[in-house]
Protein chains: 2
Amino acid sequence: MTQPQTVDVPLEDRSYKIHIGSGLIEQLGTLCAPFIADRHVVIISDEKVASHYLPKVESALESVTSRGNSLVVDEGETSKSLDTCYQLWQEMIELPADRKSVVVALGGGVIGDLAGFVAAGFARGIDFIQIPTSLLAQVDSSVGGKTGVNLPQAKNMVGAFWQPKTVVIDIDVLETLDDRNFRAGLAEVIKYGLIMDDALFTRIESSMEAILNREPAIITELIQRCCQCKADVVTEDETETSGRRAILNYGHTIGHAIEAVYGYGEYLHGEAISIGMVAEAEMAKALGMVDDVFCDRQKAIFESAGLPTTCPAGKEEALIEAMTRDKKVASGKLNFILPTKIGDVESVATPGGEAIAAALKACS
Amino acid sequence: MTQPQTVDVPLEDRSYKIHIGSGLIEQLGTLCAPFIADRHVVIISDEKVASHYLPKVESALESVTSRGNSLVVDEGETSKSLDTCYQLWQEMIELPADRKSVVVALGGGVIGDLAGFVAAGFARGIDFIQIPTSLLAQVDSSVGGKTGVNLPQAKNMVGAFWQPKTVVIDIDVLETLDDRNFRAGLAEVIKYGLIMDDALFTRIESSMEAILNREPAIITELIQRCCQCKADVVTEDETETSGRRAILNYGHTIGHAIEAVYGYGEYLHGEAISIGMVAEAEMAKALGMVDDVFCDRQKAIFESAGLPTTCPAGKEEALIEAMTRDKKVASGKLNFILPTKIGDVESVATPGGEAIAAALKACS
Ligand SMILES: NC(=O)c1ccc[n+]([C@@H]2O[C@H](COP(=O)([O-])OP(=O)(O)OC[C@H]3O[C@@H](n4cnc5c(N)ncnc54)[C@H](O)[C@@H]3O)[C@@H](O)[C@H]2O)c1
Ligand SMILES: NC(=O)c1ccc[n+]([C@@H]2O[C@H](COP(=O)([O-])OP(=O)(O)OC[C@H]3O[C@@H](n4cnc5c(N)ncnc54)[C@H](O)[C@@H]3O)[C@@H](O)[C@H]2O)c1
């Protein structure tokens, strides 16, 4: 059996540990004891994840608290809304939850972002614990403290930086994750290799079969390495002010535009950024930053992971409009994170129209 | 003419200055220049305050930015809601505001709390500046970073600790503040004397006529001293974890219950805590912590300020129920901040029923 791994996220008084391994839900009591210590617990989950794991989590936490409630919302991105927050806050008052209550987020990125923001806003901020269950949440969204919800006009527009007290990643739960969501999570795993860890990239290239078979040893290793990458970036730039954290957005400028133009739900986030990375690499090539070898190698890994690398043609103008709108809201400028080689990226401000055209051509 | 005063709030990278004086709105450009520097500004105000001061503030800020918008909400506590936040966030996206935009809160405590939380949540937190216009906001709510909104079941239940970049207090705006709100603000001024500054208390006692005439010299002095008190407490306990910040809640346990039982609006907050302090002093007396002299002197100062010291009898049970509910949500325990002498208080956990009965008898 694979040994559990840990990754530290050192953020002064907001520091925490990420635990990664098999069978960790059974050990939740021990792992969470210091953060719960008989306090009231509110588990927030979605219908699907709850049906698989809520009873196990509830019973594992019984050893550390006698007071707990579970609040379950619909599955899917539409639950990441202010309306759902409002509803959860009201339900928490009725329980009643108090300033000492601890929120436990049990689910994918939707639940982590939602429950994190619910914890950040309740009584001006209460503790919370992440138990991410999708691969995307395990390697990305559960680490780093970005929480929030969508507004009808823009994703993740309302939120807070609110760090969890700990993150418990039980790889066994991936068993029930459908293939499409598993592959979408892989897109983020590959992204870490591309932006900052060439050895990780090579490891994924050479282990794709074992990864797609979800063999525990390689899955634990990948998640541990991704969490370490994310922790390094977050430690350097906790609140996205120095610019360092922006490297995580490789593939995201075009990826977000694809999500917006084709409608959320048509492409999963991981699928959209897979296409986005392919397109943005073409942009980098047009700017002379990478060569054909880079682009081919990157495309090949996404293909071997079963991820899409193009989307239907004919939406170029809509994509440009969506990118412009997205960035106006986010920062006032149209920046791209572009690769220079496997394991390294640079920020490029407003590349010329030709490079953008090359990118859009490549993805359609 | 009275010289402008400043108070520092030293909170590491969240430190800021409070400016207090006459004619400061005209100097807003200079005072806010470092925090705006040509960035997009969103002024949030209420109908009444906007009608008096919005054009002045807008024109004063023209010297430091060419891009600004104003969003005006209804006056009154009902605007401190998630619905209003939702509406403001949507309006901000339409402008569009971005991560670099700066929110300016122009109004009383309702606007400061609301606009502060809007700033805290937009794009996971953008800068904001407080221009408090009610006496309560000038001596209390604009300093210290508590922001938030009410849920139907509980006041200030959703929010964030989010410090302003600076606070600009122009005492001239008090000219248009009605007498009742001015006196309600005085209740907080007197509270600072009672909890931590006996010299301030004596000064208020001996200057009540000049204060009620709103003479600029004494008003500037009082606001400066109150802001210094608040800054000291906040510096020691920014996020209400050590317990020190709780001293600001003298009079508030019973005060909040009075607001809840009689309906928000029946009593202004300052009026409710005036009654609350009178009642809680009686509780302290029942516990042998203060004597008759203390209680009489405290009651006399509230009376000379034209503040209520009792409310109609017959609601004792409802008050106790409201206190219990309030505190369950807030901390799980029924704590009181009780005086030991003028200028000093102590926290007392769940005093016995007799002391509570004495308190409730005293306020009805
Ligand atoms: N906070 C951050 O830093 C960050 C980073 C990246 C993405 N995100 C956000 O994450 C969200 C996407 O996350 P996601 O892809 O996990 O979406 P998700 O939470 O909707 O999960 C995807 C689907 O998988 C199901 N599921 C999750 N775990 C399962 C399991 N173990 N077994 C069976 N089914 C399971 C869910 O019920 C859901 O239907 C987006 O809202 C995105 O904005 C946040
Ligand atoms: N954040 C904190 O630390 C803190 C502390 C204490 C109170 N509060 C909150 O503050 C709020 C109460 O503040 P408030 O009493 O200022 O209420 P408010 O903002 O509603 O102002 C009271 C009334 O005075 C009007 N007004 C304000 N300034 C004026 C001026 N210069 N001229 C004419 N009219 C003016 C307003 O339009 C309003 O009608 C409550 O919601 C309370 O919870 C917050």
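Bear in mind that the values in this text are calculations on the coordinates, not laboratory data. Model, not experiment: these values are computed from the prediction. For neighbour counting, all protein chains shown are included, and Cβ atoms are generated from backbone atoms with ideal geometry for every residue, glycine included.
Our coupling estimate for the range B:275-291, obtained by passing each phi through the Karplus curve with A = 6.51, B = -1.76, C = 1.60 and θ = phi - 60°, is 4, x, 5, 4, 5, 6, 5, 5, 4, 4, 5, 4, 8, x, 8, 9, 10 Hz, Gly and Pro reported as x. Dividing the helix sum by the residues of chain B, where each DSSP H run of 4 or more adds -39500 (n - 2.57), gives a mean residue ellipticity at 222 nm of -15000 deg cm²/dmol. Determine how many Å³ per residue the convex hull of the Cα atoms of the protein assembly as shown encloses. So the per-residue hull volume is 142 Å³.
Annotation: the antiparallel percentage among DSSP beta bridges lying fully within chain B is about 40. Amide H contacts of residue B:40 (H built 1.01 Å from N, in plane; Pro and chain starts excluded): B:102 sit under 5 Å, all sequence-distant by 5 or more or on other chains.
Peptide packing for B:205-216, B:44-55 was compared via the average number of neighbouring C-beta atoms within 10 Å per residue; ordered from the highest value, the list is B:44-55, B:205-216.
Taking one quarter of the surface of the C-alpha convex hull of the range B:1-140 gives a mean projected area of 8.3 nm². The trypsin sites (Lys or Arg not before Pro) of the range A:265-364 that meet both conditions, a loop assignment by DSSP and at most 15 other Cβ atoms within 10 Å of the site Cβ, are A:333. Across the copies of the chain, residue B:317 has label points (7 Å from Cα along Cα→Cβ) spaced 7.1 nm apart, shortest distance listed first. How large is log10 I(q)/I(0) at q = 0.06, 0.15 Å⁻¹ when the Debye formula is applied to the Cα atoms of chain A, each weighted equally and without solvent? For chain A at q = 0.06, 0.15 Å⁻¹, log10 I(q)/I(0) is -0.21, -1.31. Counting only lysines at least 8 places from residue A:17 when in the same chain, those with an alpha carbon closer than 17 Å to its own are A:146, A:165, A:230. Counting from the shortest, the label point at residue B:242, 7 Å from Cα toward Cβ, is 2.8 nm from the same position in each remaining copy. The mean count of C-beta atoms from other chains within 10 Å of the C-beta of residues in B:81-88, rounded to a whole number, is 2. For residue A:100, the aspartates and glutamates whose Cα comes closer than 15 Å to its Cα, not counting residues fewer than 8 places off in the same chain, are A:38, A:127, B:240, B:326. Spherically averaged projected area of the convex hull of Cα atoms, the range B:179-363: 9.8 nm². Note that the range A:146-203 carries a Kirkwood radius of 14.4 Å, evaluated over its alpha carbons pair by pair. When each of the peptides A:83-92, A:270-279 is scored by how many other beta carbons lie within 10 Å of its residues on average, the order from highest to lowest is A:270-279, A:83-92.
Shielding by partners for peptide B:96-108, expressed as the average number of C-beta atoms from other protein chains within 10 Å of each residue's C-beta, is 2. The relative contact order of chain A comes to 15 percent, based on Cα pairs under 8 Å that sit 6 or more residues apart. What residue among A:14, A:124, A:183 has the largest mean-square fluctuation in a Gaussian network model of chain A, using Cα springs under 10 Å? Largest GNM mean-square fluctuation: A:124.
Computed with the Debye formula from one identical point scatterer per Cα of the range B:51-97, without solvent, the log10 of I(q)/I(0) at q = 0.19, 0.25, 0.28, 0.30 Å⁻¹ comes to -0.77, -1.00, -1.03, -1.06.
So for the protein assembly as shown, taking the charge dipole from beta-carbon charges (+1 Lys/Arg, -1 Asp/Glu), which of A:126, A:233, A:29 sits furthest toward the positive end? Checked the options; the winner is A:233.
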